[in-house]
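K.L.:
Handing you a structure now.
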Amino acid sequence: MSTTPAPGYRDDHLHLLACAAARRSVDVSAAASIEELLAAVRHAVRRRSAAALAARRQGGTGSVARRQGGAVPAGDPSQSWLRVWGYDDALLDERRHPTVAELDSVTTGYPAVLHHVTGHVAVVNTVAGRALGLASGEVLVERHDVLAAVPRPDRATTVASVADVLADVVGAGISACTDATHTNDLAALELLAEAAAGVPSVDVTAMVGADRLDSLGDLTFGMTVPGPSAVSDEVGVRIGHAKVMPPHDDESAIAEMVATARAHHFPVAIHAMDIDTLQSALDALEAHPPILDTAQSAESARIEPDRIEHCALALPEQLDRIARLGVTVVTQPSFVTRREQKYRDQLSVTEQSWLWPLASLLRRGITVTLSSDAPTVPPEPADWIEAATSRTLTPAERIDSQTALRLCQVL
């Protein structure tokens, strides 16, 4: 974390390790159909196979294949995992996920993992599923515990990839960013700090998973995890909010995770994409208000506001509750333009009026910041500002350009 950040934009919600992984993946984000997606994968497999064959003929170890997408190539192609990223079933012509059989047809023995653009769903082929102990044909939904078993690049490669991502962030005019990954623990923060130490022109904050706070030891919210070669403890990664990612099958866990964060004296950032999850999040925040340090008085303590991440669907009365609780909303206006057809197809007219509120938040005096959720959307502030000011879906939620600019500038 640089001590004197240059004025610029901030991206208050992105995922640096996921961005780095996406850079090393076969990118199918431009595919308009499953046929196009499979063609891109087939092409990548052929390149991988040709590179592996050339390496064997030269007596190499497969280092050429490492650059062709995927995680940890080995001499045996069947062990060279192929990572594919960027499809959105709602935007494909078929409006569905690719099947395992379809993925099998183009991966020819390579273990392959096909990641949804959101990072919350992945389809694996039969070879990969067998290696991960999954039932045949299973589609993973928020199964980060299983996906963690997929071989990954070594630490040096990952650090270099994250540093490249941060350099691109700086190139977009962003001088401060927050990694909002719910699987972050101390080891992840140390890795991010090592990468950030090489890109001092951007301030990096990283959240910690609410279920992983014990990994921090004596470190706590607001402290800095220094990079290994930092000349000062102020250079590295600042510890941010406790990230609460509701399990897809148990929203009651939200209150438990908020309570855990309070016990560690952390503010929370709760992922909320739908009305039911937002309701559970607000109930949890009301049931478990911030705990003041015993050495501080209520008057003198500066409490960092809790955050709602996304707030994609919200009833007007829920926005009123957010305002009463003093919670910040960190939202991504580009979603409403990039996925407009999806929302028109899947939501009623009434539901569309509750979609990605922005002007409604500001009218209630709620603090709002704009962000990307990269790699889902590129970390390009101009894109967020354009979406916030010119959205055609629920145009009543548009804001003016000066306000949009203010919502993504460094404070």
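K.L.:
Does Ala382 satisfy the criteria of being over 21 Å from Arg95 (Cβ atoms), free of Cβ contacts under 8 Å to residues at least 24 places away in the same chain and surrounded by fewer than 21 Cβ atoms within 10 Å (Cβ to Cβ)?
P.N.:
Numbers: over 21 Å from Arg95 (Cβ atoms): yes; free of Cβ contacts under 8 Å to residues at least 24 places away in the same chain: yes; surrounded by fewer than 21 Cβ atoms within 10 Å (Cβ to Cβ): yes.
Yes, satisfied.
K.L.:
Got at least one residue in the stretch 304-311 being modelled with pLDDT under 95 and either touching a helix residue (DSSP H, G or I) at 6+ places or on another chain (Cβ under 6 Å) or not polar (S, T, N, Q) (or both)?
P.N.:
yes
K.L.:
I'd like to verify a number: residues in the stretch 31-50 that are hydrophobic (A, V, I, L, M, F, W, C) and modelled with pLDDT under 95, how many?
P.N.:
So the count comes out to 3.
K.L.:
Test Leu134 against the criterion of being more than 18 Å from Leu38 (Cβ to Cβ) and either outside any strand (DSSP E or B) or open to solvent by less than 30 Å² (accessible area, probe 1.4 Å) (or both), and give yes or no.
P.N.:
Yes; evaluated as a whole, the condition is true for this residue.
K.L.:
Let me ask another. Criterion first (at pLDDT 95 or above, closer than 22 Å to Arg212 by Cα and in contact with a Gly (Cβ under 7 Å, 6 or more places away or on another chain)) does Asp179 satisfy it?
P.N.:
No, not satisfied.
K.L.:
If Val231 satisfies all but one of (1) modelled with pLDDT under 95; (2) under 21 Å from Arg321 (Cα atoms), what's the number of the condition it fails?
P.N.:
That leaves (2) as the condition not met.
K.L.:
Follow-up. Being open to solvent by 40 Å² or more (accessible area, probe 1.4 Å) and either in contact with a Ser or Thr (Cβ under 6 Å, 6 or more places away or on another chain) or part of a helix (DSSP H, G or I) (or both) is the filter here, so list the residues in the stretch 93-116 that pass it.
P.N.:
The first filter runs over the stretch 93-116 and keeps only residues open to solvent by 40 Å² or more (accessible area, probe 1.4 Å), leaving 93-97, 99, 101-102, 104-105, 108.
Listed by number, the residues that qualify are Asp93, Ala101, Glu102, Asp104, Ser105.
K.L.:
Anything in the stretch 274-303 that is among the aliphatic types (A, V, I, L, M) and at pLDDT 95 or above? List them, or say none.
P.N.:
Passing the criteria: Ile275, Leu278, Ala281, Leu282, Ala284, Leu285, Ala287.
K.L.:
Can you name every residue in the stretch 17-40 that is over 26 Å from Thr181 (Cβ atoms) and hydrophobic (A, V, I, L, M, F, W, C)?
P.N.:
Ala32, Ile34, Leu38, Ala39, Ala40
K.L.:
Identify the residue in the stretch 252-274 that is over 20 Å from the mean Cα position of the chain (by Cα) and closer than 23 Å to Val121 by Cβ and, among all such residues, is most open to solvent (accessible area, probe 1.4 Å).
P.N.:
Across the stretch 252-274, the extreme among qualifying residues is Ser252.
The values are calculated or read from the model by the stated rules, or taken from the named source; none is laboratory data. What you see is a predicted model, and the numbers here were worked out from it, not measured in a lab. Counting neighbours? That spans all protein chains shown, and the Cβs are built from the backbone with ideal geometry, glycine included. Quick note on the areas: whole protein, heavy atoms, side chains included, nothing else; ligands and nucleic acids left out. Shrake-Rupley method; radii C 1.70, N 1.55, O 1.52, S 1.80 Å.
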